[in-house]
Amino acid sequence: MSKKTSPSTLVWASLALALGSSTALADVKIGVAGPMTGALAVYGQQLKNGAEQAVADLNAKGGVNGEQLKLFVGDDQADPKQGVSVANKMAGDGAKFVAGHLNSGVSIAASDVYAENGIIEISPSTTNPSYTERGLKNVFRTCGRDDQQGAVAGAYLAKAFAGKKVAIINDKTTYGRGLAEETRKAMAAGGMKDVLFEAVNGGDKDYGALVSKIKAAQADVVYFGGTHADAGLIIRQMRDQGVMAPLMGGDGINSSELAAIAGTDGIEGTLMTFSPDPRKNSAAAEVVARFRAKQIEPETFTLYTYAAVEVWAAAAAEAKSTDAAKVSAVIRAGKPFKTVVGDLTYDAKGDITTPAYVVYRWAKGADGKIDYAEVK
């Protein structure tokens, strides 16, 4: 004869089953943050695309530690104050990791919030040295630093434009000013001094006064620390005033939108520093194909964001935890992480140990399209 089960037992059994199912199906919340709106939205979209594809690929393989990833997107509008608000929102949503931010000033401001709330931050594009120089254990990047990028730019200018006049401009941001200063320092080490060092307000539409100063200084080349939106306008307005000096910039001008703003003829000969193109990395071939199948070209910071998610996921899997301290310890242990941008190994500060920058030149191809190629 069977024994009857009491209603209360059934209720508790159902509740336990529900709780067990909930635990088994729990999501790990992570975030991606950058300028999703505004003049730099093209880069924010790259960060979003990279993170979304990485999450989709990881979830298809079972997630992290048996749990699926749930991605939150934050729009910091390239503003440090908004970046802090996004960081607080990520903390409130329970994010364990954030891929971002784009801008150095925003990443630095937000990183303190992430540190206080036990959240790992890995930026695909923050290059200012102070980001990792403040002793925070939760911050990392998948790119190099401005003192490395500026060294390459300055050395190139000192050699390629020896005996010529160089004007150095920056947009007053943490990124732009820092990169310009590092480039200036490297130029000086190579025996070259600038004839003009000027700061402008990023986001302006009229750079006529600046162009007049460049013209008066008889600059043969203009170095610009800033982003593509301003660089494009400066190039266009230089050409309008008959200034044919090429402009050189850093990774902040690496956007297909640069040519549209500067003009097809104006951009010819523009120089920039950036990492070796990760799209040409054999390790990224399958991922690049998945992007292109969706009609997404994984340019500039897309794959560096994908790599940021890969690094965090691999470290969390090895730590068997999403606890920030445990994940951070794994990343800083010196073990290489296989990513779409190549093997990445980290030092005690959170910087990659094998950064590389090369010089690219924009030019019109045989097909009439403007693109950039590495200067050999």
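Summed over segment 127-153, the residues that are more than 19 Å from Val359 (Cα to Cα) and among the aliphatic types (A, V, I, L, M) give a count of 2. Here Ser212 passes the criteria (1) more than 28 Å from Ser125 (Cα to Cα); (2) touching a helix residue (DSSP H, G or I) at 6+ places or on another chain (Cβ under 8 Å) except the one numbered (2). Val359 satisfies every condition listed in (1) within 19 Å of Ser123 (Cα to Cα); (2) surrounded by 14 or more Cβ atoms within 10 Å (Cβ to Cβ); (3) touching a helix residue (DSSP H, G or I) at 6+ places or on another chain (Cβ under 8 Å) except (1).
Comparison of Gly135, Gly118 shows that the only residue that is among the small types (Gly, Ala, Ser), within 19 Å of Ala315 (Cα to Cα) and in a loop (DSSP other than H, G, I, E, B) is Gly118. Checked against (1) touching a Ser or Thr at 6+ places or on another chain (Cβ under 8 Å); (2) hydroxyl-bearing (Ser, Thr, Tyr); (3) in a loop (DSSP other than H, G, I, E, B); (4) over 15 Å from Tyr43 (Cβ atoms), Ser321 passes all but a single condition, namely (1).
Of the residues making up segment 290-317, those that are surrounded by fewer than 17 Cβ atoms within 10 Å (Cβ to Cβ) and more than 24 Å from Gln68 (Cβ to Cβ) are Arg292, Gln295, Glu297. Criterion applied to Glu310, Glu318, Glu374, Glu297 was being under 30 Å from Ala160 (Cβ atoms) and at pLDDT 95 or above, and the one residue passing it is Glu297.
The set of residues in segment 218-244 that are part of a loop (DSSP other than H, G, I, E, B), buried (at least 18 other Cβ atoms within 10 Å of the Cβ) and touching a residue at least 40 places away in the same chain (Cβ under 8 Å) comprises Ala219, Gly226, Thr227.
Glu318 satisfies every condition listed in (1) under 18 Å from Val358 (Cα atoms); (2) out of contact with any Gly (no Cβ under 7 Å at 6 or more places or on another chain) except (1).
The values are calculated or read from the model by the stated rules, or taken from the named source; none is laboratory data. Just so it is clear, the structure is predicted and the values come from calculations on it, not from any experiment. Positions of Cβ are backbone-derived with ideal geometry, glycine not excepted, and every protein chain shown enters the neighbour counts.
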